[in-house]
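Notes to accompany the following structure.
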Amino acid sequence: MMRGGPVLAVDGPAAAGKGTLAKRLAAELNLPYLDTGLLYRAVGRLVLDAGQDPAAPAEEFARTLKAEDTQRKDLRTQEVARAASQVASQPAVRSALVETQRRFAQARGGVLDGRDIGTAIFPDADVKLFITASPATRALRRFLQMGEDPKAEGATARLAEMAAALQARDAADAGRQTAPMQVAADAVVIETDTLSADAVLAEALRVVQERLGTHAG
Ligand code: DC
């Protein structure tokens, strides 16, 4: 399939810094950016709105998904994340969203972040990155992102709860039958525990340069 530009796959577990990196890479390389998690979150949200169990068949919601469903402001909650992970385990939901993702990068290429971009959506991606960090680091990052103060009363318990929720979701995403989260054989793994966002970007750009032989999009 001929594409109008390079495709960069940025996969990894929840709260590892994929989104931050992918957005910055896209800006740096002048490529379109797609947060594919939003597609599954939007489906999960619609399922919850309909009063349906996220474990029940949700293909119809995925097939009729509209752009505005993915632009809602209420997709970042833990409840939606959990529902997203559940609907994402359904093969029919995943296959209903494949074309949307492939079409996104058709005209100009793109940077896509998710779980299965380098393994299932674009096995022929030009660059594959797998961004990860320890569960403790990821839980703390997500905690801070949510505006929580780690020194506040009850913070330790809430942080532990957050870590448990992230780990449960990672286990489900890595353990499902269809397109589980895994490191593609030709992916470069970046461990971000001890790296700043700038250092992660620099490392990613180095990989891009190596793979594409250029910096420019
Ligand atoms: O990236 P995120 O945390 O917003 O993703 C929410 C859920 O969606 C995640 O737990 C699993 C699912 N997902 C997926 O299965 N495949 C993707 N490419 C992106 C997300």
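The values are calculated or read from the model by the stated rules, or taken from the named source; none is laboratory data. As the structure is a computational prediction, the values presented were derived from the model and not from experiment. Every residue, glycine among them, receives a Cβ derived from its backbone with ideal geometry; neighbour counts consider all protein chains shown. SASA here: full protein model, heavy atoms, side chains in, ligands and nucleic acids out. Shrake-Rupley method; radii C 1.70, N 1.55, O 1.52, S 1.80 Å.
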Listed residues ALA67, ALA92; which is aliphatic (A, V, I, L, M), more than 16 Å from LEU38 (Cβ to Cβ) and more than 12 Å from the ligand (Cβ to nearest atom)?
ALA92
Out of the range 173-187, which residues are open to solvent by less than 80 Å² (accessible area, probe 1.4 Å) and either under 21 Å from ALA136 (Cβ atoms) or out of contact with any Lys or Arg (no Cβ under 7 Å at 6 or more places or on another chain) (or both)?
ASP173, ALA174, GLY175, ARG176, PRO180, MET181, VAL183
Only one of ARG142, ARG169 is at pLDDT below 95, within 16 Å of the ligand (Cβ to nearest atom) and either in contact with a helix residue (DSSP H, G or I) (Cβ under 7 Å, 6 or more places away or on another chain) or assigned to a loop (DSSP other than H, G, I, E, B) (or both). Can you tell me which?
ARG142
Meets criteria (crowded, with 22+ Cβ neighbours inside 10 Å and within 20 Å of ARG82 (Cα to Cα)) for ASP170
no
Right, ILE121: more than 30 Å from LEU65 (Cβ to Cβ) and open to solvent by less than 20 Å² (accessible area, probe 1.4 Å) or not?
no
Quick check: is even one residue across the range 98-112 over 17 Å from ARG3 (Cα atoms) and either buried (at least 18 other Cβ atoms within 10 Å of the Cβ) or modelled with pLDDT of 95 or more (or both)?
no
Which of the residues that make up the range 25-64 are touching a strand residue (DSSP E or B) at 6+ places or on another chain (Cβ under 9 Å) and more than 15 Å from the ligand (Cβ to nearest atom)?
LEU25, ALA26, ALA27, LEU29, LEU31, PRO32
Just checking: which of the helices (runs of 4 or more DSSP H) contained wholly in the range 1-88 hold 2 or more residues that are of a type in the set (A, V, I, L, M, F, W, C), in contact with a Pro (Cβ under 6 Å, 6 or more places away or on another chain) and open to solvent by less than 10 Å² (accessible area, probe 1.4 Å)?
78-88
Considering (1) more than 18 Å from ALA16 (Cβ to Cβ); (2) surrounded by fewer than 12 Cβ atoms within 10 Å (Cβ to Cβ); (3) within 16 Å of the ligand (Cβ to nearest atom), say which one THR156 fails and leave the rest.
(3)
Going through GLN182, GLN209 one at a time, which residue ends up being modelled with pLDDT of 95 or more, out of contact with any Phe, Trp or Tyr (no Cβ under 6 Å at 6 or more places or on another chain) and under 28 Å from GLN90 (Cβ atoms)?
GLN182
